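The structure appears below as structure tokens.
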Amino acid sequence: MDKFIIASTGKWNKELYFSKNFHLRKRCKFVESPRELRRVLKSYKPKFIFFIHWRWIVPKNTITKYECICFHMTDLPYGRGGSPLQNLILRKHKDTKLSVIKMTAKVDAGPIYYKRTLSLHGSALQIYLRCSKLCLKLIEKIIKNNPLPSEQKGKIVKFKRRQPSQSKIPNNLNLNDIYDYIRMLDAPGYPKAYINFGKNKVELSEAKFNNGILKFKGSVKSN
């Protein structure tokens, strides 16, 4: 019987993997870091390695030796590159496509197994949860159907990975833009949107925007 690895970061991904809704745990191993992945691969020979919300570059020898599959939150080849969720929201997209791709040496350039529509409503954490649930469903579909991927088609648009310094909210934004800025960074492990207040930094989260009123939670930290 074929075996598989799911390589992922984020507490929510681990919780979803161990939930009753994922039916293939007996055939999969879950790893959370490059070191753990290297250790597991010494004795475990997977048919596929699935990367969900992985924060590290996968070594070329891993990509060439195993069939590696990742999930990218854009309608590839639109949006190749880093910080796809934040770049999409800043461009005012309301939804996107989750592209399931065979990994190659060139980042986000591999052939496509599936594309599925994904809503960008809510906070970053809510979107990542929605995305991860869809990823696990597609993993089950790939394992069952063993599909062949097709080459990407269309104009290539590249995204740049955002830096923590870019989390500072610009001064010229309207309320809608501020709401988007806060929610797109509101997930564990991300540098939250912030403003400077004197010598202090005010980090903002849990934004809600209704009837022209923007509400959020703030925490003050010394710069």
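The values are calculated or read from the model by the stated rules, or taken from the named source; none is laboratory data. Remember, predicted model here, so these are calculated numbers, not experimental data. Methodologically, a virtual Cβ is constructed for each residue, glycine included, from the backbone with ideal geometry; neighbour enumeration extends over all protein chains shown. Keep in mind that these areas ignore ligands, DNA and RNA; they rest on the heavy atoms of the full protein, side chains included. Shrake-Rupley method; radii C 1.70, N 1.55, O 1.52, S 1.80 Å.
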Approximate spin-label separation residue 150-residue 60, in nm, with each point projected 7 Å along Cα-to-Cβ: 3.0 nm
Given Cα pairs under 8 Å that are at least 6 residues apart, what percent is the relative contact order of segment 71-174? 35 percent
Can you say what percent of the DSSP beta bridges in the chain, counting only those with both residues inside, are antiparallel? Round to 5. 60 percent
Label-point separation, residue 223 to residue 67 (7 Å along Cα→Cβ), nm: 5.3 nm
Which whole-angstrom value gives the distance between the alpha carbon centres of segment 83-148 and segment 167-223? 26 Å
Residue 36 accessible area, assembled protein chains, probe 1.4 Å, Å²: 50 Å²
Hey, what did the chain get for relative contact order, percent, Cα under 8 Å, at least 6 apart? 16 percent
Could you order 219, 8, 123 so the one with the most accessible surface comes first? Probe is 1.4 Å. 219, 123, 8
Return P(r) of segment 1-122 (all Cα-Cα pairs; 10 Å bins starting at 0; whole %; ordered from short to long distances). 12, 41, 36, 10, 1
Need one number: convex hull volume per residue for segment 62-136, Cα atoms only, in Å³. 87 Å³
Once R0 is set to 30 Å, what does the formula 1/(1 + (r/R0)^6) return for the Cβ-Cβ distance between residue 165 and residue 106, expressed as a FRET efficiency to the nearest 0.05? 0.60
What helix-only [θ] at 222 nm does the chain give? Using -39500 (n - 2.57) per DSSP H run of at least 4, over all residues, to the nearest 500, the answer is -7500 deg cm²/dmol
Along the Cα→Cβ direction, 7 angstrom out, place labels at residue 213 and residue 158. What is the inter-label distance in nm? 4.6 nm
If you count the DSSP beta bridges with both ends in segment 1-123, what percent of them are antiparallel, to the nearest 5? 45 percent
Between 141, 199, 106, which gets the highest mean-square fluctuation from a Gaussian network model of the chain, Cα cutoff 10 Å? 199
Of the listed links 29/160; 14/199; 3/133, those spanning more than 26 angstrom between alpha carbons are 29/160; 14/199
Correct choice for percent of Cα pairs over 24 Å apart that was computed from the model, options [x] 38; [y] 57; [z] 47: [z]
Excluding residue 58 itself, calculate the net charge of residues whose Cβ lies under 15 Å from the Cβ of residue 58, where each Lys or Arg counts +1 and each Asp or Glu counts -1. +3
